[in-house]
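The values are calculated or read from the model by the stated rules, or taken from the named source; none is laboratory data. Model, not experiment: these values are computed from the prediction. Ideal geometry is used to build each Cβ from the backbone, glycine not excepted, and the neighbour counts take in all protein chains shown. Calculation scope for accessible area: heavy atoms of the full protein, side chains included, ligands and nucleic acids excluded. Shrake-Rupley method; radii C 1.70, N 1.55, O 1.52, S 1.80 Å.
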Amino acid sequence: MSAGDKLFGRLLNRYPQPRQEPPETQWVQCFGLQVQLNAEGRVMQLTGPLRHLLAQRVPNARAPHLLDLLLPHSSLAIEGSPADWQGQNLDLDFYTLNGAPLHLRGWVQPFGDAWLLQLLDIGDLLLERRQSHNREQCQRLAMQIAEQLRLCSLTRLPDVLTEQLQNLAQRFQIPCLALALPDEQEHGWQIQQQYAAFDAPQLWQNGQRLGTGLDSLSGSAPQYLTLREHPRLQGTFGNADGFAVPYHDANGVVAWLLCGFYAVQQRAPDTTERDWQQLTAALAAPLLERLREHRHQLQLERLESLQALLGTGWWEMFSDSDEVQLAPSLANTLNLGTSRLSVQDWLEQVYPADREVLRRRLQDLRDDGLSMLLCVRLYRPDDGPEPIWYRLQGQALGLGKSRRLVGFMLDISDIKNQEQRAAAAHARLDNLIASSPAVIYVQRYVEGALQPTFFSDSLLPLLGWSLADCAPDTLVDRVHPDDRSQYFERTRLLLREGSVRARYRLRDSRGDYHWLLDEAKLLRDDLGLPVEAVGLWLDVTEATLAAEQVKQSEERYRILVEDSPAMICRYRPDLTLTFGNRPLAMYLELTPEQLPGMNLGNWMSQAQRDAFTQRLNQLSPEFPISTAEINLQLPGREHAWWVWSDRGVFDEQGQLLEIQAVGRDNTEVRRSQQQLTQSAKMATLGEMATGLAHEINQPLNVMRMAVVNVLKRLSTGEVQVDYLTDKLNRIDSQVQRAARVVDHMRVFGRRSEIEQHPFNPALAIEGTLALLAEGMRGKGVDLRISEAGFDVQVRGHVDQLEQVLINLMVNARDALLGKREGNPAFKPWISVNAERDAQVVRLWVEDNGGGIDPRLLERIFEPFFTTKPVGVGTGLGLSVSYGIVENMGGKLSVINATEGARFCIELPIVQEDQITR
Ligand code: ADP
């Protein structure tokens, strides 16, 4: 029996084995056990030292049978009687007083008439055999377990561990089995994996924390644990007794195999302490190794990804080989192709500007172990415009031969580039502020006052001061005296409201004042107490002066408009006034203030309004101006004529926004023109008196003849009704004829209406002929009137066009009659005809009176120009006619044709869609 096994036996709490002498000595003294047997096998006598150990199953029997001393299975070896057993090795197990069987081997030999059974103790032999068999099995199992755990993939590891625990549990019939490893987060132990037989209560959970209870076991050997002895382990084993096997490596105990509900000495008496330790090691060692490997793997992965993310990586320089090794990810980022390269090649990656410094620092590190830290620029692998910035750090680790030169490179391009951009932006901003008409300032809050502590560099160019010149009291001195109260108010407001915007004048170093727009904000601390004010002065001198000038010029312009004798106004396309000056207001019997909002259309008839808006519609950005004489109904005056100029204001889309208008009252001119026309008309009538007398005389003569004839018949008494009726009808038709002439004269003699209307010019020709035709014919003038084959409308007054035609025909008649005076054979004629195109209608009046002296052609339309004797001609006929035709929007002209003058009245045709009434 080995020393280890003895110890194990003690620890397993086995009953102590009987002390045994080496067999050789015992043999010398006497045999282990001699049993005399009779022929039936009954025990006659027991001798030898081992006899004291035996226990009888039938105590106190006088001659018990050998079988009564033996464990049941031994009966197989001794069937029959002792005589049958001769020549055989008999292995017999005896009952003993201590309960453990006594394994003895022996043989029978005749002993007189009886038999002597000689027996030797072979218990040790058997135990050893069993144990070595057991050990072999355990070793095999351990190897198998270790192999499984070593070879499986990391993901399968937990499953394989469970399988191996199950394997173990089944082999040793352990109800609950678990492997505990040090708790990674806390002090103590944690169940890595557990297995419970299907009929056993589950004592543990995977991952369960066990605390530090297990540490109380000395930890050097497997222990059978009873709760009585180890109450602290109740947390670990619950209410069950158990068995715990430690596994230790160089660091001490690093794993426990825990068996719950397991009385080891009964279930596995032959399994030694070493076997258990071997089995536990077979589980724990590969598992721990795999877990370490896993952790290492994770660590590496984390490190790799961290390096890749940060654009960083380690490097190591070898002092002996003049080479450097870079982290693979770093070599990859730098596009190097290899991670081990010469220091020179490595330096080639660096911008020339930084190369020498780096070389020097590496030298210092290698020679003197001086740590280094510097930023260098590297060429960009993709040849981008900006370099990559790396922060390079290095140090010497260890001393002497084992000294290593290691460090890392960190991509700081983002920071560096941002830093550079920020610096550039800062510089630009500084520059901008310094050259702009703005000053940034900071005032610190000190006991209710604001103390200037900072001004941007622009202060000097703008106002010619430095910070020192701007103490609070001197600052106030520099504020324009008129603006000081504003300045004080600004500070009060700033402190009260937290922000302020003010405008005041400050004197610069040359004594000139600047208008400053001051915008400031108060910054407070966490408690809400003011800390400082940050503000901006903007020099708005130019803008302020410009605004002032604009204001003044606007004022001048306003005065000009207000005091102008002309009517000036602005109105929207719907004729709503937005502004009107005093003269306009006076005509409308309003005040200028009342004008905005009033509608100009209120003073127009429907037709006037329509014509007015029609004219506005024709305004365009290309032709924004239109002038016309407009007619209005003003309060207290029946009609007013205004010459009115409109100018449209358009937006970018060409939409009419507003109209600016200037007007002048033309009523007086208009009125005298009308009077002139009227008197010319009366003159015409007067002139026509002769013709008219003839015109009326004619029917009167016819009627007198008829009356004379009727009276003659009446006196002879031969009056028939038919005759009478015929005469009366003739008289009636002559009366009607005379009445028509008189009627027309009356109509013609009337004043023209104020407003123009569309009419057919043929009506005017007809009217003219009604007045003149008879008279002309009476004078022997041939009238050649051609019918117009069309129907058009012109705008104006039909009586006025008639007046024009009368003037022209009367002038022609005068010329004709004058010519005939010298040449009685002369055959005078006047022709009247009309023609049209799309826009205008032309009425021609031509005669064969010889025409007008070419030298006079330009003058005949002048007022009072006449070639006729005093008292005959007025010189107004053509001039009035000219005005009338012009008023109708037309033109009156004359040429000398082959036989005489040819006058042309050209009038615009009113298109169908323009006829409003
Ligand atoms: P008045 O007839 O009273 O002279 P007008 O203005 O009508 O005034 O005519 C101006 C002048 O034009 C006439 O005096 C005459 O010399 C000339 N005139 C007008 N019509 C004719 C015509 N058909 N033929 C020749 N001369 C004409």
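Things worth noting here:
- The range 328-425 holds helices (runs of 4 or more DSSP H) entirely within its bounds, and those carrying 3 or more residues that are modelled with pLDDT of 90 or more map to 343-348, 352-368.
- Cβ-Cβ under 9 Å pairs, at least 6 apart or on other chains, the range 879-893 side in a helix (DSSP H, G or I), far side among the basic types (Lys, Arg) and open to solvent by less than 20 Å² (accessible area, probe 1.4 Å): 880/681
- Of the residues making up the range 722-757, those that are exposed (fewer than 13 other Cβ atoms within 10 Å of the Cβ) and closer than 30 Å to residue 608 by Cα are 746, 747, 750, 751, 753.
- Look at (1) touching a helix residue (DSSP H, G or I) at 6+ places or on another chain (Cβ under 9 Å); (2) open to solvent by 20 Å² or more (accessible area, probe 1.4 Å); (3) among the hydrophobic types (A, V, I, L, M, F, W, C) and you find that residue 388 fails only one, number (2).
- None of 858, 906 is more than 8 Å from the ligand (Cβ to nearest atom) and either of a type in the set (Val, Ile, Thr) or modelled with pLDDT of 90 or more (or both) except 906.
- Residue 863 satisfies every condition listed in (1) buried (at least 17 other Cβ atoms within 10 Å of the Cβ); (2) within 13 Å of the ligand (Cβ to nearest atom) except (1).
- Only one of the listed residues (403, 355, 380) is basic (Lys, Arg), closer than 27 Å to residue 421 by Cβ and out of contact with any helix residue (DSSP H, G or I) (no Cβ under 8 Å at 6 or more places or on another chain). That residue is 380.
- Strands (runs of 3 or more DSSP E) lying entirely in the range 487-582 (those with 1 or more residues that are within 30 Å of residue 596 (Cβ to Cβ) and open to solvent by less than 60 Å² (accessible area, probe 1.4 Å)): 567-571, 577-580
- Pairs meeting the criteria (first residue in the range 839-867 and more than 15 Å from residue 816 (Cβ to Cβ) and of a type in the set (Ser, Thr, Tyr), second residue open to solvent by less than 60 Å² (accessible area, probe 1.4 Å) and within 9 Å of the ligand (Cβ to nearest atom), beta carbons under 8 Å, at least 6 apart or on different chains) are 866/873; 866/875.
- When the range 181-199 is filtered for residues that are open to solvent by less than 20 Å² (accessible area, probe 1.4 Å) and outside any strand (DSSP E or B), the ones remaining, listed by number, are 183, 188.
- Among (1) part of a loop (DSSP other than H, G, I, E, B); (2) within 20 Å of residue 830 (Cβ to Cβ) - the single one residue 755 does not satisfy: (2)
- Test: residue in the range 274-290 that is open to solvent by less than 40 Å² (accessible area, probe 1.4 Å), under 22 Å from residue 142 (Cβ atoms) and in a loop (DSSP other than H, G, I, E, B): no
- Taking each residue of the range 152-180 that is buried (at least 22 other Cβ atoms within 10 Å of the Cβ) and looking for partners that are among the hydroxyl-bearing types (Ser, Thr, Tyr) with beta-carbon atoms closer than 7 Å, six or more apart or interchain, yields 165/195; 174/262; 177/195.
- Identity of the residue in the range 781-817, exposed (fewer than 15 other Cβ atoms within 10 Å of the Cβ) and assigned to a loop (DSSP other than H, G, I, E, B), that ends up nearest to the ligand (Cβ to nearest atom): 786
- The condition (being surrounded by fewer than 18 Cβ atoms within 10 Å (Cβ to Cβ) and either under 60 Å from the mean Cα position of the chain (by Cα) or within 30 Å of residue 566 (Cβ to Cβ) (or both)) is satisfied by just one residue among 666, 760, 697: 666.
- If you go through the range 818-848 and keep only what is among the acidic types (Asp, Glu), within 15 Å of the ligand (Cβ to nearest atom) and open to solvent by 50 Å² or more (accessible area, probe 1.4 Å), you end up with just 821.
- Residue list for the range 216-239, filter: of a type in the set (D, E, K, R) and surrounded by 14 or more Cβ atoms within 10 Å (Cβ to Cβ): 232
- Condition check for residue 900: open to solvent by less than 30 Å² (accessible area, probe 1.4 Å), within 20 Å of residue 784 (Cβ to Cβ) and near the ligand (Cβ under 10 Å from one of its atoms): yes
- Looking only at the range 868-895, and only at residues there that are polar (S, T, N, Q) and near the ligand (Cβ under 9 Å from one of its atoms), the one that is farthest from residue 802 (Cα to Cα): 874
- Subset of the range 583-606 that is assigned to a loop (DSSP other than H, G, I, E, B) and open to solvent by less than 20 Å² (accessible area, probe 1.4 Å) - its residue that is farthest from residue 633 (Cα to Cα): 595
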